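Accompanying notes for the structure given below.
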Amino acid sequence: MDYKRLIIRGISYSQTQMGAYALILEQEETGIKLPVVIGNYEAQSISLGLEKDIQPPRPLTHDLFSKFITTVGYQLESIIIYQILDGVFFSNLILKNRQNEQLILDARTSDAVAMAVRFNAPIYTTEQVLTEAGIMLELSEIDNANQKPHEEEIKEGYEVYMLEELQAMLDKAVLEEDFDTALELQQEIKKRKKNID
């Protein structure tokens, strides 16, 4: 399968879910961003994994598991975000030992990324996941995204908006790093385009 490599672009506080964060992954060649909602603990663990100079006084769960993997003679080769189902991402850890035997473990995406940063392992996804959940922001659309609707124009539910309005709302949500809303808007847009086809 042709996997697409992702890089970690950042972690931002979720504006729609209290105590949650949005992990922003990006495919460098296309600029498509993949927002993944993660918990507070996982956000902290990923951040600490990225900051190699900071060592917690006691090992975190991901540090402990990383130590275990290397102690038993394995290495984390990569992680693959292979599916999104009902807004939930599914990932695999791809491990190899000294005899080149492969071990694939199912993992939550947040845990998989926390492990990847500890091993400097690449993060991959499929074209299908990028198509379903990726967000693209065109520079020419920034002006439209900055236009706020008047109070009387704010409507209930996405179904009452025109496709052009939804696109402008999506662009605005991405600019404001409100990736939860952006994902909802993108799903509504894709649903409508599917109905048109």
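The values are calculated or read from the model by the stated rules, or taken from the named source; none is laboratory data. Worth saying up front: this structure is predicted, and the values here are computed from it rather than measured. Every residue, glycine among them, receives a Cβ derived from its backbone with ideal geometry; neighbour counts consider all protein chains shown. The area values use the complete protein model at the heavy-atom level, side chains included, leaving out ligands, DNA and RNA. Shrake-Rupley method; radii C 1.70, N 1.55, O 1.52, S 1.80 Å.
Here are some notes:
- Across 2, 53, the residue with the most accessible area heads the list, and the full order at a 1.4 Å probe is 53, 2.
- Solvent-accessible surface (1.4 angstrom probe) belonging to residue 193, in square angstrom, nearest 10: 100
- Across the range 3-133, the mean sequence separation of Cα contacts (distance under 8 Å, 6 or more residues apart), normalised by length, yields a relative contact order of 25 percent.
- Its alpha carbons give the range 45-140 an Rg and a Dmax of 15.1, 52 Å.
- Sequence-distant residues sharing a close amide H with residue 77 (under 5 Å, placed H): 94, 95, 96
- The residues of the range 1-80 have, on average, 60 Å² of accessible surface per residue, using a 1.4 Å probe with all protein chains present.
- When +1 charges are put on Lys and Arg Cβ atoms and -1 charges on Asp and Glu Cβ atoms, the dipole computed for the range 3-133 relative to its Cα centre reaches about 340 debye.
- Once backbone amide H atoms are built at 1.01 Å from N, residue 6 has 123, 124, 125 as its partners under 5 Å, excluding neighbours fewer than 5 places away on the same chain.
- Nearest-10 value in Å² for the accessible area of residue 21, using the 1.4 Å probe: 60
- Here the Karplus curve 6.51 cos²θ - 1.76 cosθ + 1.60, taken at θ = phi - 60°, turns the phi angles of the range 44-60 into couplings of 5, 5, 5, 4, 5, x, 6, 8, 5, 6, 9, 10, x, x, 10, x, 6 Hz, with x standing for Gly and Pro.
- Ranked by solvent-accessible area (1.4 Å probe, protein heavy atoms only, all chains present), the residues 131, 181, 109 order from largest to smallest as 131, 181, 109.
- The count of lysine pairs in the range 3-133 that are at least 8 places apart or cross chains, and whose C-alpha atoms lie under 22 Å apart, stands at 4.
- Each residue was assigned an accessible area with a 1.4 Å probe, and for residue 63 the value is about 40 Å².
- To put it simply, the accessible area of the range 3-133 at a 1.4 Å probe is 51 percent carbon and sulfur.
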